[in-house]
Structures are given as structure tokens and as C-alpha cells.
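Taken together, the values in this text are just the output of simple stated rules run on the coordinates, not laboratory data. All values reported here derive from a predicted model rather than from experimental measurement. Reconstructed Cβ throughout: ideal geometry from the backbone, glycine too, with neighbour counts over all protein chains shown.
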Amino acid sequence: MKDRIIIATGNVGKLKEFRAMLPTYDVVSPKELGIEFDVEETGSTFYENALIKARALFELSGLPSVADDSGLCVDALDGAPGVLSARYSGGGDKENNAKLLRELDGVKDRCAHFSSCIVYYDGNNVIEATGHTYGVIDTKAVGSNGFGYDPIFISDDLGKSFGSATDEEKNAVSHRARALEALRGKLGL
Ligand code: ITT
């Protein structure tokens, strides 16, 4: 039987990526276990928010919990939307992308990176790992794979948008994959 890992997320895009990246584990979400999980992300850093989510889910489930807090940081916007990436426009992914493209209208420096901070919490130990991936913001959305800002983020590693990359391509170079790799090293998994 596979070991179970519970991921403190309500984001189905993230969950799909964790599942693909942890094929030897039984990866489950709070929803799949019938746990109502909706915590307020009051932190000002990816680490603080990931810790809030991992702790909250451990309290609710009693299971070692893994949380990701992540976002897109745009150089020309001093790192925005950053920790506010999910809440940038007040709408969904489409509205967030549209707002970012508007903010960057006519802006030459389009450099950006995604960051992911992953926290593991088992009631005693807090283990954190961070990953980044670099690219530029396109002037339009290209592709419909992935989630969030993927259609407007052209990956330096892939030479195309995450929205037009396969799951395997994105998961080979993504911020979340890199953070997870580092976490697995720390946990000895
Ligand atoms: P949970 O807190 O339930 O995990 P969330 O979507 O609210 O889900 P975050 O607070 O960590 O998660 O916000 C992450 C946001 O950053 C996400 O909603 C996207 O807008 C963006 N983002 C993070 N990783 C991304 C990725 O791989 N591709 C595209 N956008 C991403």
C-alpha cells in the first residue's frame, strides 16, 4: 500500500501537479477526505502562508500535512502580485491574467519568476523548502494547460508558455517541482 500524503490545498491545478510529481504516494486533498478546509492566508510571505495552511490542516486531519504557498513575482512591479497572486484582481485566473497584462501594457522589462514555498508539518517538525522558475510575461495568453498565470508566463527553460507546455514539461522545471525536490531531500524521501 502507498504511503498517504495530504496536501493542504483547494486548488485543483496544484493538486494535479503534486499527484503527478509523487507517483509512489497516495496523494489526497482535504476535500477528498471530507474535510472542510478554508483558512485565511494572513501571512506576508510565502513561508508564513504555507505554514498557516500546513498547521491548520494538521489540526483538522491529524495527518502529516504538506502545503504550498506560491505566486508570480514581476520585476517591473516590484515583485507584485507575489503573495497576493490568487487574489490579484478579485476575480478568477482569467481576470488576474487580464489585470497583469494591463499593468504591463507598454512595459519593456517583462522579467518574472514563480516562487513556491512548501511546508511539511507533522505536529512536531516544520520542514520548509523553496523553489523558483524564471521567465517573461507575454503580451497575450497562449495555451490553456495548467492554471493561474500559466498562459502568460513564457518559461526561460522551455522557451514557451507554461500554458502551452505539457504537464510533464512544466513539472520538469516548475517552481513547485523544484521546491518539492528540495523538500524530499530534506525529508529523505
Ligand atoms: P491554496 O491556497 O488552496 O493552495 P491558492 O490558489 O489560493 O490555493 P496560493 O494562495 O498559494 O494558492 O496562490 C497561488 C496563486 O499563484 C495561484 O492561485 C496562481 O494564481 C498563482 N500560481 C502559483 N503557482 C502557479 C503555477 O504553477 N502556474 C500558474 N499560476 C500559479
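Laid out as a table, the results:
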| quantity | calculated |
| --- | --- |
| Environment charge of residue 158, counting only residues whose C-beta is closer than 10 Å and scoring Lys/Arg +1, Asp/Glu -1 | -1 |
| Given charges at Cβ of Lys, Arg, Asp, Glu: the chain dipole, positive-most of 46, 146, 56 | 146 |
| Ascending count of other beta-carbon atoms within 10 Å, so fewest first, for 29, 70, 61 | 61, 29, 70 |
| Kirkwood hydrodynamic radius of segment 105-189, from inverse mean 1/r over distinct Cα pairs, in Å | 13.8 |
| Kirkwood-Stokes translational diffusion coefficient of segment 23-99, alpha-carbon pairs, 25 °C, 0.890 mPa s, µm²/s | 174 |
| Per-selection metrics, segment 13-68 (Cα): Rg and Dmax in Å | 11.7, 33 |
| Segment residue 166-residue 122, extension gain: residue separation times 0.36 nm, minus the distance between their alpha carbons | 12.6 nm |
| Expected-Rg normalisation [2.2 N^0.38 Å, Cα atoms] applied to segment 66-126 | 1.37 |
| Three semi-axes of the equivalent ellipsoid, the chain, Cα gyration tensor, whole Å, largest first | 28, 17, 15 |
| Sum of -39500 (n - 2.57) over DSSP H runs of 4+, divided by residues of the chain (222 nm, nearest 500) | -9000 deg cm²/dmol |
| Nearest-ten-degree value, helix 12-21 long axis tilted from longest Cα axis of the chain | 70 |
